[in-house]
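Student: Right, I'll just put the structure down here and ask away after.
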Amino acid sequence: PAQTRQRYLTLINKVLDTYDTLDHQAYAWVKRACSDILAGRITIWQTLHGLTEKNVTYLKSHIDSVSEIRISGLEGRDLRAVKEHASRLYEHLLHEGRVGIGPFRPRVVRESLYLMKLVLIDGSPCDTMSNLQTLLDYIEVADRLDTLAKHWSQHTDIPRKAPLSIQLAEYESLYEPLTRALELHESAMELREITAENPEIFEPHWHDIESIRHARTMLIANDVEAYMMQAQHPFNQMEKKLLELTFQEQSHPILERLLQAVRNRDQKQYHAELKNLHTFYKLREDFDRRNVLLNKLMDTAPKLLKAILLSYNDSEWDEKMIRFGAAWNWACAEAWLERTRSQQDQERLELEYETAQQVIRELLTKLTTVEAWDHCFSRMTEHERQHLLAWTKAVQRIGKGKGKYVNQHRKAAQEHLEECRSVIPAWIMPIYRVAETVRPLPEMFDVAIIDEASQSGPEALFLMYIAKQVVVVGDNNQISPDYVGISREDVDGLRQKYLSDIPHHDIVGVDNSFFDQAEVRFGHPIRLREHFRCMPEIIEFSNRLCYQTEPLIPLRQFGHSRLQPVVASEYIHKAFTQDNGGKLVNPLEAEALAGKIKDCCENPDYDGKTFGVISLQGTAQARYIEKLLINLLGEEEIEKRNLVCGDA
C-alpha cells in the first residue's frame, strides 16, 4: 500500500539522517555502534548507555565538590580498601567513638590509623569527620570514573590522567552520540516489521548502511515508475478510445490526426486538432438549432418560413432579422388583443377582486373572533363568568367617572376583575379604565403593551408596576400629551418634594411623554421602518418631515386605478382669520376645502370612499367646516361617507 511505502521511506530517511549526522562525529566507535544497533545487537550498547547515564548523572552533582581538592598519602594503596576503612572510621566517629591511645585504641581506629597520620586533604590530616567525608566523596568519584573508563576503554581511548572535570566532560560527549545511535533501534524494528508483512518491499542487510541506502534508492525508483505509469494511464486510455473510433465507418480524418498527436505527445498538434473539433461541434449545434427553429416556424408562422426558404439569399433578410424580435412581439401583442378584446373590463375585474378580498378579510376576522371567544368561554368557570359579567356592570355604572357612588363602583370593578382576570388572555383598555378597574399589584400581568405611548404622560408609569414585561409603542415625532389646566410649577414642586431620589426624576413632568421616559430609562428602541397602510407618496411626505435619517419603507401594493393625486397641496390666496364666538376661524380655507370634498363626492372615482377632515387651526375651524359640509352635502351624504371633522 502507498501509505505503508511512504512510512517505510520516512523511516529509512530518518535512519540515514541519524547515521549521517553521527558519521560526522570524531569517534570511530560510532559507526560500529550504529551497525550493531541496526543489526539488532543492542544489548552491549544499551548496558553501556545505562551505566554511563547513571554514573554521569551522579558525577555531575558531586564532582564540583572534589575536583579542586589536593589529596596526598594514597599512593600505591587500594582505593576500595581505603574507602572501606574511611567509611568505618567515619561511622565510629559519628556515633561519638573515641580515638584512644596506644594499645587502647579501638580496632577500627587501629586499622584506619594510617588515614589520620599519612593522608592529607588540602594539607590537613584526615582525622575529622569533615575530611573523612571529603575523602569518601573523592574516592566515590574516582571509583565511578574508573568504572566508566574500564567499560569505555574497549571502544575508544580514555584520558585517565586528565583532571576529574575533563574526564566527566569526555564521558558526557560520549553519552550524547550513543543516545542518538540507540534511537535507531526503534526505527529499525519498525522497518523489519514492514518488510516482514510486505514481501514485495526490498529488505536490506541492516548492518550495512550502504545496503540501506540501496533499499531507499530502489523504493524511490519503484515509486517514480508507479507515478510514471499513473501519468501515462490517461494517454493510454485516450489512445485506445481514439483507435476504436478510427475503425468505425465514416470516421472523420480528424480522429486519425488526434491519435497521432497523442502517440507523439505533440501538444501543439493536439490543441490545433481539438480546436478544429470544437469548431465542427459548434457547426453541428448551429445546424441542429436551425432545424429546431425551422420546425417552430412551421408550427407558428408557416408563411414566414416559406418566404425565408424561397429567398434566404436575399440581403434584405439581414436587415429584417435585426428587427425580428420587435416585429414578433408586435404580432404576439396584436394576437393577444384580438383574443381579449371581448373580455370584461379590467377595472371592473380589479374592483371585484378588491371586494372579494375585503369579504375574505372580514370573514377571517369574524372567524378568528368567534374561535377566540369560543376558546375563552370553554375554559371559563361559572365563578369567573359571574365576576366577568359583574365587572362589565360595574364599569357601566362608573360611566364618565362622576356621581356620588363612583368610588364604590370602582372598588367593585377592581374586586370583580381580580376574580376573572386570568380567564381573559388579553385585556384591551384605555389607561384611565385600567386605573379605575384594576387593583394594582406588582407583576399581575405578564406583558403590558402601551400603544401610542408618545401621547401618554407620567400617569402611565404605573403600568410598569403591574406588568412583568412592558412593550412601549410610540413615536416621539407625534403630538405630545396636552395637559390643559395643569400648572407646570405645581408639577415641578411635587416632583422635587416626592421624586427627587428617583433616577432621572427631571423627565417626569408635563414636557415628556411616557415614550420619552421609556427611551431614556431603557434605550435601544427597535425602529419599525416597513409601512403597509399608506401610499408611497404619503410615506415620502412623512419621511421629508420627520424621518430623513431613517426613512420609512412603503410596502403597500396598489393597482393602476388608484386615486390621483395621493398627496396634494393648494394655496388659498387672500385667506384670513376672524373671530367666531371667541375662537379663530379661516373662512376662505374652510370654503375651499368644503368645495373640494363636494367635487370628490360627485366624482365617480370616489364612489364608496370615506372622508376625514383634520384642522390644525383648532376645534372651531373643524366645526365651521362641518357646518359648511352639512349645507353642501346634506346629512345623508355625510353619514354615507362617514365624514368626520376634528382637530389634531
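Student: How many residues are part of a loop (DSSP other than H, G, I, E, B), closer than 20 Å to Phe514 by Cα and in contact with a strand residue (DSSP E or B) (Cβ under 8 Å, 6 or more places away or on another chain) when one looks only at segment 428-455?
Tutor: 1
Student: I would also like to ask the following. What is the residue count in segment 264-299 for residues that are outside any helix (DSSP H, G or I) and either free of Cβ contacts under 8 Å to residues at least 24 places away in the same chain or within 30 Å of Phe324 (Cα to Cα) (or both)?
Tutor: Looking only at that region, the number is 2.
Student: Which of the residues spanning segment 464-493 are under 24 Å from Leu441 (Cα atoms), exposed (fewer than 15 other Cβ atoms within 10 Å of the Cβ) and not β-branched (Val, Ile, Thr)?
Tutor: Answer for segment 464-493, where residues must be under 24 Å from Leu441 (Cα atoms), exposed (fewer than 15 other Cβ atoms within 10 Å of the Cβ) and not β-branched (Val, Ile, Thr): Tyr465, Lys468, Gln469.
Student: With the condition being among the small types (Gly, Ala, Ser) and surrounded by 10 or more Cβ atoms within 10 Å (Cβ to Cβ), I'd like the helices (runs of 4 or more DSSP H) fully within segment 504-608 carrying at least 2 qualifying residues.
Tutor: Values: elements: 514-521, 536-546, 587-602.
Because the criterion is at least 2 residues that are among the small types (Gly, Ala, Ser) and surrounded by 10 or more Cβ atoms within 10 Å (Cβ to Cβ), the helices (runs of 4 or more DSSP H) in segment 504-608 that meet it are 587-602.
Student: Working only within segment 420-434, note down all residues that are surrounded by 14 or more Cβ atoms within 10 Å (Cβ to Cβ) and modelled with pLDDT of 85 or more.
Tutor: Ile431, Val434
Student: Could you list all residues from segment 503-515 that are within 21 Å of Ser487 (Cβ to Cβ) and either of a type in the set (D, E, K, R) or under 44 Å from the mean Cα position of the chain (by Cα) (or both)?
Tutor: His505, Asp506, Ile507, Val508, Asp511, Asn512, Ser513, Phe514, listed by residue number.
Student: Being in a helix (DSSP H, G or I), of a type in the set (S, T, N, Q), in contact (Cβ under 8 Å) with a residue 12 or more places away in the chain and surrounded by fewer than 18 Cβ atoms within 10 Å (Cβ to Cβ) narrows it down to one of Thr10, Thr57, Thr4, so name that one.
Tutor: None of the others qualify; the one that does is Thr4.
Student: May I ask you to say which residue of Val224, Val141 is within 30 Å of Arg88 (Cβ to Cβ) and assigned to a helix (DSSP H, G or I)?
Tutor: Answer to the check: Val141.
Student: Regarding segment 201-208, can at least one residue be identified that is part of a helix (DSSP H, G or I), crowded, with 18+ Cβ neighbours inside 10 Å and either aromatic (Phe, Trp, Tyr) or over 60 Å from the mean Cα position of the chain (by Cα) (or both)?
Tutor: So far as segment 201-208 goes, no, none of its residues is part of a helix (DSSP H, G or I), crowded, with 18+ Cβ neighbours inside 10 Å and either aromatic (Phe, Trp, Tyr) or over 60 Å from the mean Cα position of the chain (by Cα) (or both).
Student: What do you reckon, is Asp475 outside any loop (DSSP other than H, G, I, E, B) and either assigned by TED's automatic domain parsing to the domain that holds Ile614 or modelled with pLDDT under 90 (or both)? Spell out the reasoning first.
Tutor: Working: outside any loop (DSSP other than H, G, I, E, B): no; either assigned by TED's automatic domain parsing to the domain that holds Ile614 or modelled with pLDDT under 90 (or both): yes.
No; evaluated as a whole, the condition is false for this residue.
The values are calculated or read from the model by the stated rules, or taken from the named source; none is laboratory data. Just so we're clear, the structure is a prediction, and the values are computed from it rather than from any experiment. Cβ atoms come from the backbone with ideal geometry, glycine included; neighbour counts cover every protein chain shown.
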